[in-house]
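J.: Sharing a structure with you now.
The values are calculated or read from the model by the stated rules, or taken from the named source; none is laboratory data. Here the structure is a predicted model, which means the values were calculated and not measured. All Cβ positions, even for glycine, are placed from backbone atoms using ideal geometry, and neighbour counts span all protein chains on display. Each accessible area value is taken on the protein alone, full model and side chains, heavy atoms only, with ligands, DNA and RNA left out. Shrake-Rupley method; radii C 1.70, N 1.55, O 1.52, S 1.80 Å.
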Amino acid sequence: MSLRLEQNLLALDTGAAITRISKMRVLVITGAGVSAESGIPTFRGKDGYWRNLNPAKLATPEAFAKDPGLVWEWYRERRRRIRNAQPNPAHKAIAKLAQHTHEFLLVTQNVDDLHARAGSSKEKMVQIHGDIFVTRCSGCDFVDTGRGGSPEPPAPDAIYPNSGRLRSIAPTSAQAEKKKEDVPRCPRCEGLMRPGVVWFGEQLPWDELRRVENYLEDGPCDFVIVAGTTATFGYIIDWALRALASNGELVEVNPEETPLSQFATQRVRERAALALPRIVDELVISRSSKL
Ligand code: OAD
């Protein structure tokens, strides 16, 4: 099988061409860049969270132990922003690709629900860094999978009205008192509830990790797309490379160079919301026209 992108358009070889899509095994890996055009900040980009905020103060177990109110304030702000956002054409294209391929897995580092709202099913998606709308106990195994696990929305005075960003991560003492009250408690053990995301220094969720490994073990992928991630974490590159069949295509969709770029067979230096619909349409149209 040979699939390739030519001049940024996906071209399928003729002949056996389209065993192809219908029999195709696909892995898609996404990161914050895919949600950027829905108005969700990335982490390391120009206006990314980690440019203005210190991850050690907001996204580690130590930060939570030290100041759970501050951590909750940040996660409430992010939840609010995600609720107000809409999936963009990149999310929709990925959901469409899943429908048209024989075997498909989406591994997203994004904790937002935009892939799901665009139509990607839970069965074909792994949220490897967790789900921001899940709230779980830091002391026992109680999990609240709904959206009601924390008092929301955040206090209006915590947010800049125009940008929606937090005013400051250094609280006044009055704010600190208020934040203590805003930290939800576990209904079972009274422990502190925390967002259901993976923080720096924590293990990836075992069940989700197993699902990725199972998919990789089940066979090589004809097509691997990695979109909107700096591929900072070694496991992202590792999965992309391990998934790839010897004659498969590894397509990177990212306006910027990343550590993965050197391994990509196709580098699409465009925004995901522009590139992914075109890539997916090319695949799907080629398939329909040959059936
Ligand atoms: P980053 O913020 O590190 O990277 C975002 C990537 O998206 C960059 O490579 C950008 O060039 C690219 N990008 C920006 N806009 C884009 C667009 N419109 N289309 C396509 N690409 C675009 O985000 P991640 O790689 O997802 O972890 O970060 C990985 C993890 O680091 C996150 O899941 C989070 C963070 O700390 C946890 O929360 C555990």
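J.: With a 1.4 Å probe and all protein chains kept in place, how do Ser138, Ser35, Ser121 rank by accessible area, largest first?
T.: Ranked list, largest accessible area first: Ser138, Ser121, Ser35.
J.: Over the stretch 21-143, what is the relative contact order in whole percent, taking alpha-carbon pairs under 8 Å and six or more residues apart?
T.: 30
J.: Would you mind computing the Rg to Rh ratio of the stretch 16-116 from its alpha-carbon coordinates, Kirkwood style for Rh?
T.: Using Cα coordinates only, the ratio equals 1.11.
J.: Once you list every other residue whose beta carbon is under 11 Å from the beta carbon of Ala116, what net charge do they have if Lys and Arg are +1 and Asp and Glu are -1?
T.: 0
J.: Once the convex hull of the alpha carbons of the stretch 195-276 is built, what does its volume come to per residue, in cubic angstrom?
T.: 112
J.: Net charge around Tyr215, counting only other residues with Cβ within less than 14 Å of its Cβ (Lys, Arg = +1; Asp, Glu = -1)?
T.: Around Tyr215, the surrounding residues sum to -4.
J.: If you don't mind, another one. Given H placed on each backbone N at 1.01 Å, which residues far from Met193 in sequence or on other chains put an amide H within less than 5 Å of it?
T.: The answer is Ser138, Arg185, Cys186.
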